[in-house]
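The structure under discussion appears below in the form of structure tokens.
The values are calculated or read from the model by the stated rules, or taken from the named source; none is laboratory data. Predicted model only: the values in this text are computed from it and were never measured. Cβ placement follows ideal geometry from the backbone for every residue including glycine, while neighbour counts extend to all protein chains displayed.
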Amino acid sequence: MTRKLVIAAFLVALIVLFSQAASAQRRARYFEPTPSISVSPYGGYMLFGSLAEGPFDTRLSSASAPVFGAQVNLPLGNTVSIVGNAAYSEPDLRVGVPILGGFDVGKSTVWIYDAGLQLSAPAKYGRQSILPFVQVGAGAMKYDVKVAGISRNATNLAFNAGVGADVPLGRNLGLRLAVKDYIGKFDFDEATSIDYEAKTSHNVALSAGLKLAF
């Protein structure tokens, strides 16, 4: 239920953010100068989806955990830029059981690599400028799972979509807030040699960081 609420909030934020930006642009006709290359180190929290689902609503998943990363923006104009991202998290591996709740069975490390496009809607709200944006892209999620001293690795394709906003704090410094959903399937065949096809999972990252322009 919590995951459904997060995804619903993600979609609502996308609609509200860009409807407000479009309205502000119509009123003020305000645009930022052509942006420059920027690097955005960030930290936040990641809500991982299920790796596998068993009978009686049991499931294997990575627990929610802190996430740290950095993103590079290469602008192609006022509103479009190429983005590259790398992030890292160390979630516990957890088995969920109805009524009894969940318990940890191991550790995992997750590396995320992705690239894509960012579409911005620069606008000004009173004296404060703000740059809402949406991102879409694709990349990989690399898992290193350790249970009872035994390690297994797996890498899966992950598509992503996100929304966020840049709030300028100075000429070359800004605050970046973002919500990003990584959508993919854990590769059990690579990790365990078991022919099991996992269901598509949503892994939602909530983050805040600094945008450093050059």
- Return yes when Val105 is among the β-branched types (Val, Ile, Thr) and either at pLDDT 90 or above or crowded, with 20+ Cβ neighbours inside 10 Å (or both) and no when it is not. no
- Query: Tell me, which strands (runs of 3 or more DSSP E) lie completely within the range 120-214 with 3 or more residues that are at pLDDT below 90 and either touching a Phe, Trp or Tyr at 6+ places or on another chain (Cβ under 7 Å) or over 19 Å from Ser64 (Cα atoms) (or both)?
  - Reply: 123-125, 128-147, 150-168
- Note on the structure: Expected output for the range 84-96 (first residue at positive phi, partner in a strand (DSSP E or B) and modelled with pLDDT of 95 or more, Cβ below 7 Å, 6+ apart or cross-chain) is none
- Return yes or no: is Asp57 at pLDDT below 85, surrounded by fewer than 20 Cβ atoms within 10 Å (Cβ to Cβ) and in contact with a Gly (Cβ under 9 Å, 6 or more places away or on another chain)? yes
